[in-house]
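Note sheet for the following structure.
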Amino acid sequence: MKMHIVQKEKVAGKLKKGWRLASRPMDGGKMYNEMIEMLTSKDILVGGLAGESSISSKGNIIEADGDFSKHGYVFMIDENESSIVEELQNMFPEVEIQLIQDLLDTNKQNVDKTIDQLLQVTPTSKFVGELPPLPPRSTLSPQHQQSSHKKDTPCPECPVCYEPFTPPRRIIQCTNGHLVCESCHAKPQLKVCPTCKNVFMGRAIAMEQFLADLYQH
């Protein structure tokens, strides 16, 4: 993956060439450390990220930064030199490449939405607390793999009724990728996403398939 820090006035030109804004890095991860090193070496205090977030040279990440427009530099990824799937696999090493690709395709290559969905279903300690990682596939038989997935992988819950999204429960997503169960979505009082207040866009088919693979019988 090739990451650059770019002056704001050059962003439009880079976007036309296929570059994109870098997503929020995992705290303490390779990309996180690389961003801090780049900021420090160039004596830049803050660098912008996708979703109008930012990261400072001290390692502080600000979501929905109100001063985003004031920052003179942003982090960008040259898509001609990197792979989105590879980047996401580095962030979520316990998720299979094909599942990541399926989510990206369903989300029309929207990386931020895909990351948000992966965070909801993946026990990644850097993001959602110190949860146990999935057991290595190579050390378990297929039967043990299935039972271990069910036992060790916490299933995400609907933020409204707190019932798990275990298959075959249908899942609905908003335009930002947040999830609720179909039963709660059918309630007349639930008109917008309870997490971000955006509208719902339909079923999260890729997420249902993802969970079906994790919790298959």
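For the reader, a short list of remarks on this structure follows.
- Pro133 vs. criteria modelled with pLDDT under 80, open to solvent by 40 Å² or more (accessible area, probe 1.4 Å) and in contact with a helix residue (DSSP H, G or I) (Cβ under 8 Å, 6 or more places away or on another chain): yes
- Number of residues in segment 46-68 that are out of contact with any strand residue (DSSP E or B) (no Cβ under 9 Å at 6 or more places or on another chain) and under 12 Å from Ile36 (Cα atoms) equals 2.
- Total residues in segment 177-189, condition assigned to a loop (DSSP other than H, G, I, E, B) and open to solvent by 70 Å² or more (accessible area, probe 1.4 Å): 4
- Among the residues of segment 67-95, those identified as in contact (Cβ under 8 Å) with a residue 60 or more places away in the chain and open to solvent by less than 70 Å² (accessible area, probe 1.4 Å) are His71, Gly72, Val74, Phe75, Met76, Ile77, Asp78, Glu79, Ser82, Ser83, Glu87, Met91.
Table: residues versus (1) farther than 26 Å from Asn107 by Cβ; (2) among the hydrophobic types (A, V, I, L, M, F, W, C); (3) in a strand (DSSP E or B).
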| position | (1), (2), (3) |
| --- | --- |
| Arg20 | no, no, yes |
| Asn33 | yes, no, no |
| Lys58 | yes, no, no |
| Val74 | no, yes, yes |
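- Checking each residue in segment 169-217 for being free of Cβ contacts under 8 Å to residues at least 60 places away in the same chain, closer than 21 Å to Gln98 by Cβ and not charged (D, E, K, R) picks out Ile171, Gln173, Ala212.
- Qualifying residue in segment 38-54 (condition: part of a helix (DSSP H, G or I), farther than 30 Å from Glu208 by Cβ, modelled with pLDDT of 90 or more and polar (S, T, N, Q)): yes
- Condition check for Val11 on (1) touching a residue at least 60 places away in the same chain (Cβ under 8 Å); (2) of a type outside the set (D, E, K, R); (3) touching a helix residue (DSSP H, G or I) at 6+ places or on another chain (Cβ under 9 Å): one failure, at (3).
- Segment 30-66: number of residues that are touching a residue at least 40 places away in the same chain (Cβ under 8 Å) and surrounded by 15 or more Cβ atoms within 10 Å (Cβ to Cβ): 6
- Candidates in segment 190-217 are the residues that are closer than 13 Å to Cys158 by Cβ and in a loop (DSSP other than H, G, I, E, B); of these, the one that is farthest from the chain's Cα centre (by Cα) is Leu190.
The values are calculated or read from the model by the stated rules, or taken from the named source; none is laboratory data. Here the structure is a predicted model, which is why all the values come from computation and not from measurement. Using ideal geometry, Cβ is built from the backbone for each residue, glycine included, and neighbour counts are taken over all protein chains shown. When the accessible area is computed, the model is the full protein with side chains, heavy atoms only, and any ligands, DNA or RNA have been set aside. Shrake-Rupley method; radii C 1.70, N 1.55, O 1.52, S 1.80 Å.
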